[in-house]
1. Let me spell it out: the conditions are (1) in contact (Cβ under 8 Å) with a residue 40 or more places away in the chain; (2) in contact with a strand residue (DSSP E or B) (Cβ under 7 Å, 6 or more places away or on another chain); (3) assigned to a loop (DSSP other than H, G, I, E, B), and residue 11 meets all of them except one. Which number is the exception?
2. Tell me the residue from 5, 72 that is in contact with a strand residue (DSSP E or B) (Cβ under 7 Å, 6 or more places away or on another chain), surrounded by fewer than 20 Cβ atoms within 10 Å (Cβ to Cβ), modelled with pLDDT of 95 or more and in a helix (DSSP H, G or I), please.
3. Considering each of 21, 56, 78 in turn, give the residue that is under 13 Å from the mean Cα position of the chain (by Cα) and in contact (Cβ under 8 Å) with a residue 60 or more places away in the chain.
4. Looking only at region 39-51, filter to residues that are part of a helix (DSSP H, G or I) and surrounded by 15 or more Cβ atoms within 10 Å (Cβ to Cβ); which one of those is nearest to the chain's Cα centre (by Cα)?
5. Output the number of the condition that residue 31 fails; it satisfies all remaining conditions of (1) more than 19 Å from residue 1 (Cα to Cα); (2) in contact (Cβ under 8 Å) with a residue 40 or more places away in the chain; (3) touching a helix residue (DSSP H, G or I) at 6+ places or on another chain (Cβ under 8 Å).
6. Can you work out which of the residues in region 59-69 that are in a loop (DSSP other than H, G, I, E, B) and under 18 Å from residue 11 (Cβ atoms) is farthest from the chain's Cα centre (by Cα)?
């Protein structure tokens, strides 16, 4: 398993547009990918509905975990998306 901890930096947090971008990117990978919030609640990174239930706002700490054949690439790619503030800058 590969994991990486990040902080949500975009102003609107994980609202609809960033969540959709995240799900679209996650679906490019074969690995099972989960996002966990600060409380340890987990969501399938390939499910927009599940991601939205985490209530991620600016400043929230998340952990992206992936397990599978392309786990490192999946975590790196999703982390880059989060760090880019989902292109909002």
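The values are calculated or read from the model by the stated rules, or taken from the named source; none is laboratory data. Values in this document were obtained by computation on a predicted structure and should not be read as measured data. Cβ sites come from the backbone with ideal geometry, for glycine too, and all protein chains shown count toward neighbours.
1. Only one criterion is unmet by residue 11, namely (2).
2. On the way: 5 fails: in a helix (DSSP H, G or I).
Selected residue: 72, the only one of 5, 72 that is in contact with a strand residue (DSSP E or B) (Cβ under 7 Å, 6 or more places away or on another chain), surrounded by fewer than 20 Cβ atoms within 10 Å (Cβ to Cβ), modelled with pLDDT of 95 or more and in a helix (DSSP H, G or I).
3. Working: 56 fails: in contact (Cβ under 8 Å) with a residue 60 or more places away in the chain; 78 fails: in contact (Cβ under 8 Å) with a residue 60 or more places away in the chain.
Among 21, 56, 78, only 21 is under 13 Å from the mean Cα position of the chain (by Cα) and in contact (Cβ under 8 Å) with a residue 60 or more places away in the chain.
4. Step one: list which residues in region 39-51 are part of a helix (DSSP H, G or I), which gives 48-51.
Those still in the list that are surrounded by 15 or more Cβ atoms within 10 Å (Cβ to Cβ) too: 48, 50-51.
Details: 48: 10, 50: 11, 51: 8 Å.
Residue satisfying both the conditions and the ranking: 51.
5. Result: residue 31 fails condition (1) only.
6. Taking region 59-69 as the starting set, the residues that turn out to be in a loop (DSSP other than H, G, I, E, B) are 59-60, 68-69.
With under 18 Å from residue 11 (Cβ atoms) added as a condition, the list becomes 59-60.
Working: 59: 14, 60: 12 Å.
Selected residue: 59.
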